[in-house]
Amino acid sequence: MEFKKEFIEKIKSAKKIVFFTGAGISAESGIPTFRGTDGIWNKMKPEELASFNGFMKNPDLVWEWYQHRRNIIRNVQPNPGHFAIAELEKYFDVTVVTQNIDNLHRRAGSSKIYELHGNIERNFCINCHTFYNDEEFTITQKKVPTCKKCGGLIRPDVVWFGEMLPQDQFTGGETAAEWSDICFVVGTSSVVFPAAYIPQSAKRAGSYLVEINIESTDLTYYADYSIFGKAGEVLPEILN
Ligand code: BJW
Ligand code: ZN
């Protein structure tokens, strides 16, 4: 793969690099994305599944959906895209800012990670906020579990529509992006806010914005360089 000259020069002088990632980076591991032709939103309504109202209306259905996704996530491996990002830590000060809840960046070995939309391995009681980690529930737990302390419903520790992002994760991710020399935006449709503000902030602060995606997105217009291709194929090339 031939990269453009300007980008190669930027890489040579860069110290701080941010990878802002979305569902597309995990697609090659076998985790379905949300939008697009094979996206999960095509089959199910987001407001019914990924919202607090949806959960209260049908907690068992929402719980079952997350159990289904946990099973997928448990059984897949990080792909060459995740591993390339982790390996780049040998050469740069790398920060990962991810919208994904799947833990694959950590499993691939990345050390500095901000999780904007939570993590599917954690759960908490909606009533008393006691945390329960994934191991405490069996894979076959179909119905929503209840809290041992107060009997409240237990939900995954992820960010649903209409909910605030964890402040420390958002601020940490945004600050890293603003101080970065290069901000890579990998495998995201860039339509979900406030996460999608982060690459925009990076660019405004002077970072060089590189998009890696199989198709153009709402961000393509702002990017300094758009690389069209699969994350698992493009990212390892950067190591060369
Ligand atoms: C590949 C590839 C390969 C495929 N290689 N690429 C401003 C403007 C408009 C709306 C809003 C706004 N501010 C807030 C809103 C409302 C809302 C929002 O953004 N709505 C828009 C959708 C219209 N935002 C919120 O509600 C947020 N909260 C909030 O604003 O709080 C403040 C507030 C409080 C109270 C009242 C009002 C406001 C919260 C958003 C939470 C999002 N949650 C989810 C679910 C997380 C848990 C779970 O996983 O179940 O997060 S939704 C879902 O979308 C998930 C993702 O992280 C997120 C982003 O999706 P992503 O990662 O971009 O995936 P896709 O599928 O969209 O794209 C995949 C891409 O990969 C594609 O481009 C492919 O081409 C590409 N690709 N294979 C490279 N191999
Ligand atoms: Zn409780």
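Since every read-out is calculated from the coordinates, none of them should be taken as a lab result. Everything numeric in this text was worked out from a predicted model, so none of it was measured. Every residue, glycine among them, receives a Cβ derived from its backbone with ideal geometry; neighbour counts consider all protein chains shown.
When both region 31-99 and region 197-240 are represented by their alpha-carbon centers, they are found 20 Å apart.
Between residue 224 and residue 171, the FRET efficiency from the beta-carbon distance, with R0 = 22 Å, is close to 0.35. Between residue 1 and residue 43, the simple label model (points 7 Å from Cα in the Cβ direction) yields a spacing of 2.9 nm.
Taking only the Cα atoms of region 128-240, the radius of gyration and Dmax are 18.9, 55 Å.
The amide H of residue 110, built 1.01 Å from its N in the peptide plane, has no neighbour under 5 Å, considering only residues 5 or more places off or on other chains.
List the relative contact order of the chain as a percent without decimals, with contacts defined as Cα pairs under 8 Å and 6+ residues apart. Intermediate results must be reported in sequence, preceding the final value.
Working: 438 pairs, mean separation 56.1, N = 240.
Averaging sequence separation for qualifying contacts and normalising by length gives 23 percent for the chain.
Counting every other Cβ atom within 10 Å of each residue's Cβ, 126, 212, 25 order from fewest to most as 126, 212, 25.
Just to be sure I understand: of the beta bridges DSSP finds with both ends in the chain, what percent are antiparallel, rounded to 5?
Details: 9 of 33 bridges.
Within the chain, antiparallel bridges account for around 25 percent of the total.
Modelled spin labels at residue 141 and residue 75, positioned 7 Å past Cα toward Cβ, are 2.0 nm from each other.
The tail of the calculated P(r) for the chain, taken as Cα-Cα distances beyond 34 Å, holds 17 percent of the pairs.
Please give the charge dipole size of the chain, origin at the Cα centre, charges +1 on K and R Cβ atoms and -1 on D and E Cβ atoms. Round to the nearest 20 debye.
Numbers: 26 positive and 30 negative charges, 95 e Å.
Value, rounded to 20: 460 debye.
Shown for region 27-184: lysine pairs separated by 8 or more places, or found on different chains, whose C-alpha atoms are under 26 Å apart, numbering 11.
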